[in-house]
Amino acid sequence: MRTATVRDLRYRFAEVEASLKQGEEIVIRKRTRPIAKLVPIAAKTATVDYPDFAAQRRQIFGDRVLPVTVAEIVAWDRGER
């Protein structure tokens, strides 16, 4: 298990990231005290399945041309409007 400091994260993150990609666990220290542990994510679980918004739009509205974009519809559905 490798250790890195907060300063390493700030100024040498590429090296820390490379270690994570190789499967190493990294303990983060601040003033010699451990404060966190970085654990690499397995390649299988790193993929994210996003919903098919275009299919949802077609299901709801059919082939009609809409005066708004799909992004606006999603924002409206989430209550962000």
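Taking only the range 5-35 into account, find how many residues are outside any helix (DSSP H, G or I) and among the aliphatic types (A, V, I, L, M).
4
Quickly run through the range 66-78 and pick out the residues that are at pLDDT 80 or above and in a loop (DSSP other than H, G, I, E, B). Break it down into steps so the answer makes sense when it comes.
Step one: list which residues in the range 66-78 are at pLDDT 80 or above, which gives 67-69, 71-72, 74-78.
Those that are at pLDDT 80 or above and in a loop (DSSP other than H, G, I, E, B): 67, 68, 69, 78.
Looking for something of a type outside the set (Ser, Thr, Tyr), modelled with pLDDT of 90 or more and on the phi > 0 side of the Ramachandran plot - is there at least one such residue anywhere in the range 27-39? Walk me through how you get there before you give the answer.
Restricting attention to the range 27-39, the residues satisfying the condition of being of a type outside the set (Ser, Thr, Tyr) are 27-31, 33-39.
Next, only the ones that are modelled with pLDDT of 90 or more stay: 27-31, 33-39.
Now drop any that are not on the phi > 0 side of the Ramachandran plot, which leaves 31.
So far as the range 27-39 goes, yes, one or more of its residues are of a type outside the set (Ser, Thr, Tyr), modelled with pLDDT of 90 or more and on the phi > 0 side of the Ramachandran plot.
The values are calculated or read from the model by the stated rules, or taken from the named source; none is laboratory data. Just so it is clear, the model here is predicted, and its values are computed rather than measured.
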